[in-house]
Every structure is written in C-alpha cells, then in structure tokens.
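S.K.: Have a look at this one before I ask anything.
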Amino acid sequence: MNWELIGNAAFRGVEFALGPGESILTETGSMAWHQGNVTVSSNMKGGVFTSLKRAVLQGESFFQNTWTGGEGGGHITLVSGSPGEIIPIEITPQIPLHLERGAYLANTGQVTTNAKWEGFGGLFKEGLFAIRAEGQGTLFFSSYGGIDLVQVNGSYIVDNGYAVAWDSTLTHHVTRTGKKIRSFLFGDQLITRFDGVGRLWIQNRNPQSLASFLHPFRRVQSNN
C-alpha cells in the first residue's frame, strides 16, 4: 500500500492509494475526499464493550471505518479534526506505542488499540487513560500544531498537554515545578517527567492555552 503526506505541517493530510483488497482502519469523520473504486464499512471493532471503552476511555469513535479498495483500486485522503501535523509510525510487537487520548487517526496492518491506565496523574492531563497501540503495521496519529520527535536518554520534562506519543520503554509521572507552598501561592504549573530510553513526540501548540487566550474575547449575552 502506498501513502503520501500532503499539505503543510499546519494543515496536514495523508492520501492512501488502495489497491484491490487493500484496506485501512480510520476514525469516523476523518475522511476528507476519495476517488476511484473505494468502499467503506462501519462497525464496532471488538464488540459493544470494546467500542464503548474506546469511546469513553480513549477519546476515539464508538464506530470505526474500514476503507477497502475494489477492482481497479482508488484513493482516499484523511485529515485530523484540528489543524496540525500527522505522524506515521511503524508499530512492532517488540515496542508498543502510547498515545494521548484523541491522537489516533488511522492504521494499516494488524494494529490494535486499547485503553491504558495513566494513574491519577492523568487527571491533570487529557484524562485518566491513554491509548496503547500494539501489533504490526503503520499507525498515523495527529495533534494540534506541529510535532517534534525527542530521543530521550535519561529524563525529560514536558509541560502538561504537550506530550502526544511515546515508546512503551518510557515511564512518566506528573509533578509540580516547585514546592507545594510555592505552587499554592504562585501557581507553579504541573509538568510530566519521562524517564528511560525511547522516543517521545511533543506537540508545539496546546489547545488549552489557545482556549485560555480566546476566553476574554468571547461574546457574553446581556440579560438587560
């Protein structure tokens, strides 16, 4: 199967050339356009319970779409729900990949995704659960803004909300930038510390920061 990243880093898309019988699994609503002989089927991968867990705990769709090339094949283009980068990564049985909730876009091959308990530190990030992707195939994930790859060898500190994906060889925990009293008085931020050896993907924009920036400019309806 051939695929190509299109657009620029701020508004990335990925185009697949599906030959006869070739298929990809995608998030519902990620298809932007397609041409040629391509068919789609929507189903609950793994059954009702697994689909419910995927929607509630992983921030993914309850239903997922399988796009398959028919006779003569065709093309399909996927985009993420927010402006930003799309990263392809080869998943192998030896090193599963962990993703933040909502980062999954699509995959080829035999890749499965399941909810992974983040600990109560997840309360300060996107949620209590992350996504664990394992198996064999190519996985595509996305985020708001650009994505940079960091090779961690030891420790690496990331502000909360910026880590998108990381190898399963890395451990992480949430802490504060200062002591408890200082944090209470001056509002020191929560950070995530990654330890070990492995790859870490970081987004260079945070949607929560954007929301905070736009909040003072929102229109407020007057009761008068």
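Where a number appears in this text, it was derived from the coordinates with a stated rule and is not lab data. Only a predicted model underlies this, so the values are computations on that prediction, with no experimental measurement involved. Here Cβ is always computed from backbone atoms with ideal geometry, including for glycine, and neighbour counts include all displayed protein chains.
S.K.: Net charge within 13 Å of residue 13 by Cβ-Cβ distance, Lys/Arg positive one each and Asp/Glu negative one each, not counting residue 13 itself?
M.R.: Spelling it out: positives minus negatives among the neighbours equals -2.
S.K.: Shifting gears a bit: Give the calculated FRET efficiency between residue 206 and residue 71 to the nearest 0.05, with a Förster radius of 35 Å applied to their Cβ-Cβ distance.
M.R.: That pair, residue 206 with residue 71, gives E of 0.15.
S.K.: What's the ranking of 146-152, 209-215, 166-172 by average number of surrounding C-beta atoms within 10 Å, highest first?
M.R.: Put in order of decreasing packing, that is 166-172, 146-152, 209-215.
S.K.: When 90, 27, 100 are ordered from fewest to most other Cβ atoms inside 10 Å of their Cβ, what list results?
M.R.: Exposure proxy ranking, most exposed first: 90, 27, 100.
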